[in-house]
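All remarks here apply to the structure that follows.
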């Protein structure tokens, strides 16, 4: 865990302050519309810290709250982080648990992807993972908090912003994941599918489905090669 890696990760992930901030703002406005207080919403985004899981919970919101179903949905949705965490633990096998476990609290899909890519280029550095994770968390939690002081409501132009979030997410990842023209088709597939799902199905599923389709195209390309 080096200071140079920390700085490199921070710089690489700076765009996520904007993209995650806008996503957190939309999420915070949704919480606000449901009647949650500012502290409740901020703790929600801080402790759960999963856009996909939080979106699924919101889709299940009812009175009375189906707590058991929500917990099961969260566990199922976030189970992928077990594999990501196991991969990082193997990648940083020499790092003490007292440093590794707090860093894993900030684990996100994007920080895992960026860290894996950086490890291939520069060697494993847990500092890079921590540096890449901080702007993402600041944007997400800060955006949620901003919703309670901004004079906005969850309608109108913000619906368009929610639909564009998948594209912003993909755009912030491109610089760290670009590996030449072979990267073009998976990214285009992810972006187009995400926009279609956001427009005609539900924005909360767009990143998951778009990313899955892009991954499938990437796997098929590697198989053909």
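Values quoted throughout were computed directly from the atomic coordinates according to the rules given, and no laboratory measurement underlies them. It should be emphasised that the depicted structure is a prediction, and the values quoted were computed from it without experimental measurement. Methodologically, a virtual Cβ is constructed for each residue, glycine included, from the backbone with ideal geometry; neighbour enumeration extends over all protein chains shown.
Key figures
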item	result
Over the range 3-153, relative contact order from alpha-carbon pairs under 8 Å, at least 6 apart, %	56
Gap separating the Cα centres of the range 45-59 and the range 1-25, nearest whole Å	20
Alpha-carbon centroid distance for the pair the range 118-140 / the range 70-102, whole angstrom	15
Neighbour-count ranking [beta-carbon atoms within 10 angstrom, fewest first] of 112, 140	112, 140
Sites residue 93 and residue 113, calculated FRET efficiency, Cβ-Cβ separation with R0 25 Å, nearest 0.05	0.80
Most to least packed among 67-76, 34-43, 117-126 [average Cβ atoms within 10 Å]	117-126, 34-43, 67-76
Average projected area [Cα convex hull, the range 3-153], square nanometres	9.5
Contour minus Cα-Cα distance for residue 40 and residue 11 (0.36 nm per residue)	7.4 nm
